[in-house]
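Q: Here you go, one structure.
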Amino acid sequence: EVFMAEDMVILARTYDLLAWLVPKAETFPRLYRRTVAQRLLDAAMDFQERLFDAQSQGGSTRQRHLREADAALNKVRLYLRLAHHWRWLNHGQYRHVSLMVAELGRLLGGWMRSK
């Protein structure tokens, strides 16, 4: 199967999320950088990697990678909610990143349904 151009959008948007998130996570309190911040970044990078895995596969293997990407994105949502709850992200930052994550969820859902 040829990798479709519309699937490239999710990869570009995920890159944008990581480019925003990595420097932001470095501002989280030092005490939590090795735990919450690291898990947030790991989940976001796992999401990107599962997309790459899905891109290179087909059929049920692709679907498995997409489900794993979905699970990673849910973890990203959790850690972002916690960061906002603890005021490591202000309302504007949380709104911005939440919109990015929501778009990724829509794109991922479309990819899961299309193949």
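The values are calculated or read from the model by the stated rules, or taken from the named source; none is laboratory data. No experiment lies behind these values; they were computed from the predicted model shown. Glycine gets a Cβ as well: all are built from the backbone with ideal geometry, and neighbour counts include every protein chain shown. These accessible areas exclude ligands, DNA and RNA; they are computed on the full protein's heavy atoms, side chains included. Shrake-Rupley method; radii C 1.70, N 1.55, O 1.52, S 1.80 Å.
Q: Could you compute the FRET efficiency for His91 and Arg30, with r as their C-beta to C-beta distance and R0 at 41 Å, rounded to 0.05?
A: 0.95
Q: Right, next: Quick one: putting +1 on the C-beta of Lys and Arg, -1 on the C-beta of Asp and Glu, what dipole do you get for region 1-113 around its Cα centre, in Debye to the nearest 20?
A: 620
Q: If you don't mind, another one. Taking a probe of 1.4 angstrom, what is the accessible area of His65 in Å², to the nearest 10?
A: Accessible surface of His65 is approximately 20 Å².
Q: Quick check: convex hull over the Cα atoms of the chain, volume per residue in Å³, rounded to an integer?
A: 84
Q: Out of Gln38, Gly58, Leu11, whose Cα points farthest toward the positive end of the dipole of region 1-71 (charges: +1 Lys, Arg; -1 Asp, Glu; placed on Cβ)?
A: Most positive-ward Cα: Gln38.
Q: Given a Förster distance of 35 Å, report the FRET efficiency between Met112 and Val22 from their Cβ-Cβ distance, rounded to the nearest 0.05.
A: With a Förster radius of 35 Å, E is 0.85.
Q: Same structure again: For labels at Ala102 and Asn74 in the simple 7 Å Cα→Cβ model, what's the distance in nm?
A: For the pair Ala102/Asn74, the computed spacing is 2.0 nm.
Q: Considering only protein heavy atoms, with the full assembly of protein chains and a 1.4 angstrom probe, order His96, His84 by accessible area, largest first.
A: Highest to lowest solvent-accessible surface, that is His96, His84.
Q: Now for a different question. Once you place label points 7 Å from the Cα toward the Cβ at Phe52 and Met8, how far apart are they in nm?
A: Going by the 7 Å Cα→Cβ label model, 1.8 nm.
Q: Leaving out ligands, DNA and RNA, and with a 1.4 Å probe, what % of the accessible surface on region 4-115 is carbon or sulfur?
A: 54
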